[in-house]
Amino acid sequence: MVLVTAVRDYMNRMLQDISGMKVLILDSQTVSIVSVAYSQSELLQKEVFLVELVDSISISKESMSHLKAVFFLRPTSENIQHLRRQLANPRFGEYHLLFSNMLKDTQIHILADSDEQEVVQQVQEFYADFVAVEPYHFTLNISSNHLYMLPAVVDPSSLQHFSDRVVDGIAAVFLALKRRPVIRYQRTSDIAKRIAQETAKLMYQQESGLFDFRRTEVSPLLLILDRRDDPVTPLLNQWTYQAMVHELICIQDNKVDLRNVGKVPKDQQEVVLSSEQDAFFKTNMYENFGDIGMNIKRMVDDFQQVAKSNQNIQTVEDMAKFVENYPEYRKMHGNVSKHVTLVTEMSKIVEEQKLMLVSETEQELACNGGQGAAFEAVTNLLNNESVSDIDRLRLVMLYALRYEKESPVQLMQLFNKLASRSAKYKPGLVQFLLKQAGIEKRTGDLYGNRDLLNIARNMARGLKGVENVYTQHQPLLFQIMESITKGRLRDVDYPFVGNHFQQGRPQDVIFFIVGGTTYEESRAVALHNASNSGIRFILGGSVILNSKRFLKDLEEAQRIAKSSTNVI
């Protein structure tokens, strides 16, 4: 329970030492950090009676001197200014200033100078500067995620801001784990190299004392990767439960917004999907869509049995028992209806958009050779009226990534057909993707056709056949995990920063994917961790992608690249 536990421990320490009625004041980023790790009922148990955002609290003038204010904020200059204004005219009885990362000396001086009325009780750093969505998966929710695709010369200050946020997030993870890593990065990526070097500078020079944990075991490995090394994974339709919900409906901070889904009861308009709080989801989050249907049916049958026994109330004892078990019954009812709603909605989308047909071709493009058959399959789907514009675009992108060098003429034919069939298609987007993530730019063996071992493995799989045609794809990250486990990750492809080399096989490996992770990758990490290989993997990224977000970032980067005079 590594990451979630770390954040929960920080939250416990923040709140339990401050007795009495409290207001918890967060910013737009720490609200996500807290909400995925701590429920509202748990906050109430810690006597937190009000949760507010720092920018809205700055507007209000109402005095609340009976409450103790616990601020948990990122140490940004905007937040320091908010606090300055608060301390100049205090509304609360006490101020406890807690920050999610390292404060600068200048910021501490500003806070000290502002506290003229001496209401500040403490200033502390709690290194929960990442959103721990799962025990082994974290994100930073960076809104300007498209910046990683642009060269530094296009917008140096925004890219610096982006890099700083990533370095802060990575530093917080290692401070929470109380470890200092050896750092490697993907050779072909400028942004991965930059972040790796800036992280090393922070950990080994600027704040070396803070990161010196005097541990004797082998240092963990931090590997910085670039999303563009595997552009295939975020473009694919998904067929396992968690990944599929994110692809078809969208998960944000472990919550799913169902307001746009048919007739949903008021208390089900936003539902929580968390393996920490939902036993059915924990058991089924990585299962195939077909199996989910069967398992939900079983859950509904169990619920009906409970409901039947509740209807059979004949004595006072029965009534007392029903009242005692009612909260559990309500919870069970809410859980059943949540999962039934999600699966019903996804089944509807799959049917309407012909996703099984589309996905079969996607998987063929991602996993198997055969350029002629692939061209024919993509052409047929482009002509199919039931296929949506976004699915047409993804199919052409997947074909282009696979066959960019083999069939330029047929690729042009697909570009032209896409432009004529899809009104929303932005000209040049597929070409921009190839410029960003084409074969010339990639480090890894994405299609398993460069490395002899991978070629042999693919041949074996082809002879054996696959169990499920919709989930045969493995993300590139799976290969990287295998290479690390076997001690075969090549230094030439993933060089070390500085003179800190790995002594022996690491027990902990933290991946950070600049540009974002996917739930397909977090599933691969969780399954690998469950196999007890002796290495624990943790996955983090700037955002959690689905295909819509990946394409939105691509479009935004293309728009800036076009308007910039610098040629990309």
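The values are calculated or read from the model by the stated rules, or taken from the named source; none is laboratory data. Computed from a prediction, not measured in an experiment: that's the story for all the values here. Neighbour counts run over all protein chains shown; Cβ positions are idealised from the backbone, glycine included. Just the protein is used for accessible areas: all its heavy atoms, side chains included, with ligands, DNA and RNA removed. Shrake-Rupley method; radii C 1.70, N 1.55, O 1.52, S 1.80 Å.
Could you tell me which trypsin sites (Lys or Arg not before Pro) in the range 1-95 are loop residues by DSSP with no more than 11 other beta carbons within 10 angstrom of their beta carbon? Before the final figure, lay out the partial values.
Numbers: sites: 8, 13, 22, 46, 61, 68, 84, 85, 91; in loops: 46, 61, 91.
Here the sparse-neighbourhood loop sites are 61.
Debye sum, Cα scatterers, the chain, no solvent: what log₁₀ I/I(0) at q = 0.10 1/Å?
Log10 of I(q)/I(0), two decimals: -0.95.
Taking only protein heavy atoms into account and a 1.4 Å probe, give the accessible area per residue of the chain in Å². All intermediate terms of the calculation are to be shown ahead of the outcome.
Working: 26480 Å² over 568 residues.
Counting only protein heavy atoms, the per-residue value for the chain is 47 Å².
What does the charge count around residue 112 come to, taking other residues whose C-beta lies under 12 Å from its C-beta (Lys +1, Arg +1, Asp -1, Glu -1)? Can you show the working numbers first?
Values: positive: 84; negative: 105, 113, 115, 116, 118.
Net charge in that neighbourhood comes out at -4.
Using helices alone, I'd like the mean residue ellipticity at 222 nm for the chain: each DSSP H run of four-plus residues gives -39500 (n - 2.57), total over residue count, nearest 500. Walk me through the numbers before you get to the answer.
Numbers: 21 runs with 281 residues, N = 568.
When only DSSP H runs of four or more count, the value is -16000 deg cm²/dmol.
Quick one: which residues, 5 or more positions from residue 67 or on another chain, have an amide H under 5 Å from its amide H? H modelled 1.01 Å from N in the peptide plane, none for Pro or chain starts.
It is 93, by chain and number.
Which GluC sites (Glu not before Pro) in the range 1-100 pass both tests, a DSSP loop state and at most 10 other beta-carbon atoms within 10 Å? Present the calculation step by step, with values, prior to reporting the outcome.
On the way: sites: 42, 47, 52, 62, 78, 94; in loops: 47, 62.
Passing both the DSSP loop test and the Cβ count: 62.
List the residues whose amide H sits under 5 Å from the amide H of residue 285, counting only those 5 or more places along or on another chain, with H placed 1.01 Å from N in the peptide plane.
Under 5 Å from the amide H of residue 285 lies no amide H from a residue far enough along the sequence or on another chain.
Got a number for carbon plus sulfur as a percent of the range 2-127's accessible area, 1.4 Å probe?
Values: 2840 of 5980 Å².
The C+S portion of the solvent-accessible surface of the range 2-127 is 48 percent.
Whole-Hz ³J(HN,Hα) for each residue in the range 363-378, computed from phi via Karplus 6.51 cos²θ - 1.76 cosθ + 1.60 with θ = phi - 60°, x for glycine and proline: what do you get?
5, 4, 5, 7, 10, 10, x, x, 5, x, 5, 5, 4, 5, 5, 5
Please work out the Cα center distance from the range 264-305 to the range 74-116, rounded to the nearest Å.
43 Å
Taking H placed 1.01 Å from N in the peptide plane, check which residues at least 5 places from residue 513 or on another chain put their amide H under 5 Å from its amide H.
Residues meeting the amide H criterion: 225, 540, 541, 542.
Whole angstrom only: what separates the Cα centroid of the range 397-429 from the Cα centroid of the range 140-216?
The range 397-429 and the range 140-216 have Cα centres spaced 36 Å from each other.
With Cβ to Cβ distances under 11 Å as the rule, what net charge do the other residues near residue 548 carry (K, R +1; D, E -1)? Display every interim value, and only then the final one.
Numbers: positive: 394, 549, 552; negative: 247, 553, 555.
Around residue 548, the surrounding residues sum to 0.
Residue 190: accessible area at probe 1.4 Å, nearest 10 Å²?
130 Å²
Do you know the Lys pair count in the range 2-127 for C-alpha distances under 18 Å, with sequence separation 8 or more or different chains? Present the calculation step by step, with values, prior to reporting the outcome.
Working: 22/46; 22/61; 22/68; 46/68.
Close lysine pairs under the 18 Å cut-off: 4.
What trypsin sites (Lys or Arg not before Pro) does the range 226-286 have in DSSP loop regions with at most 16 other beta carbons within 10 Å? If you can, show how the numbers build up before the last one.
Details: sites: 227, 228, 255, 259, 263, 266, 282; in loops: 259, 263.
Those satisfying the criteria are 259, 263.
How much net charge surrounds residue 134 when only other residues with a Cβ under 15 Å from its Cβ are counted (Lys, Arg +1; Asp, Glu -1)? Write out the running numbers ahead of the final one.
Details: positive: 8, 255, 282, 523, 536; negative: 253, 276, 278, 520, 521.
Every neighbour counted, the sum reads 0.
Whole-Hz ³J(HN,Hα) for each residue in the range 87-93, computed from phi via Karplus 6.51 cos²θ - 1.76 cosθ + 1.60 with θ = phi - 60°, x for glycine and proline: what do you get?
Taking θ as phi minus 60°, the curve returns 6, 5, 9, x, 9, 10, x Hz for the range 87-93.
Given the protein chains as shown and a 1.4 Å probe, how many square angstrom of residue 302 are accessible, to the nearest 10?
Approximately 90 Å² of residue 302 is accessible to the 1.4 Å probe.
From the cross-link list 193/552; 193/426; 426/548; 297/338, which pairs have alpha carbons spaced over 20 Å apart? Could the numbers behind the result be given before it?
Values: 193/552 24 Å; 193/426 31 Å; 426/548 14 Å; 297/338 13 Å.
Over 20 Å apart, Cα to Cα: 193/552; 193/426.
May I ask you to list the aspartates and glutamates whose Cα is less than 17 Å away from that of residue 562, ignoring any residue fewer than eight positions away on the same chain?
155, 553
In whole Hz, with x marking every Gly and Pro, tabulate ³J(HN,Hα) for the range 18-23 from phi via Karplus 6.51 cos²θ - 1.76 cosθ + 1.60, θ = phi - 60°.
Karplus values, whole Hz, x for Gly and Pro: 9, 7, x, 6, 10, 10.
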